Amino acid sequence: LFALKDASPGAYVGFAILALMVLATEALNTALEEVVDHLSPDWSNFAKHAKDLGSLAVMCQLVAAGVFAGYVLLG
């Protein structure tokens, strides 16, 4: 899509960095969930909150990538 908009090389680099950050955050979230599941095999409030916050971090990264892509495509 960026090619259709004739985006600058900087836009490609910026989006690639954001995409890698999404993957890194997702990897950290998965690691967090594994540790939490090991520490608390049964349901607990702390486990729920920890997992929810990890998911929030991933969502924030996805929104940042989407906003950047929207800015490039619409701007």
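Tell me the per residue accessible area of the chain using a 1.4 Å probe; a whole number in Å² is fine.
On the way: 5320 Å² over 75 residues.
Normalised by residue count, the accessible surface of the chain is 71 Å².
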## Note on the structure
Pseudo-spin-label distance Leu28 to Lys51, built 7 Å along Cα→Cβ, given in nm, is 2.0
### Query
Label-point separation (nm) for His38 and Val67, each offset 7 Å from Cα along Cα-to-Cβ?
3.5
### Message
Out of the total accessible area of segment 16-75 (probe 1.4 Å, heavy atoms of protein only), what percent is carbon and sulfur?
### Response
74
### Summary
For the chain, longest principal axis from Cα atoms; helix 9-39 axis from its Cα atoms; angle between them, nearest 10 degrees, is 10
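The values are calculated or read from the model by the stated rules, or taken from the named source; none is laboratory data. Keep in mind the model is a prediction, meaning the values are calculated, not measured. Please note: Cβ atoms are built from the backbone with ideal geometry, for glycine as well, and neighbour counts cover all protein chains shown. The area values use the complete protein model at the heavy-atom level, side chains included, leaving out ligands, DNA and RNA. Shrake-Rupley method; radii C 1.70, N 1.55, O 1.52, S 1.80 Å.
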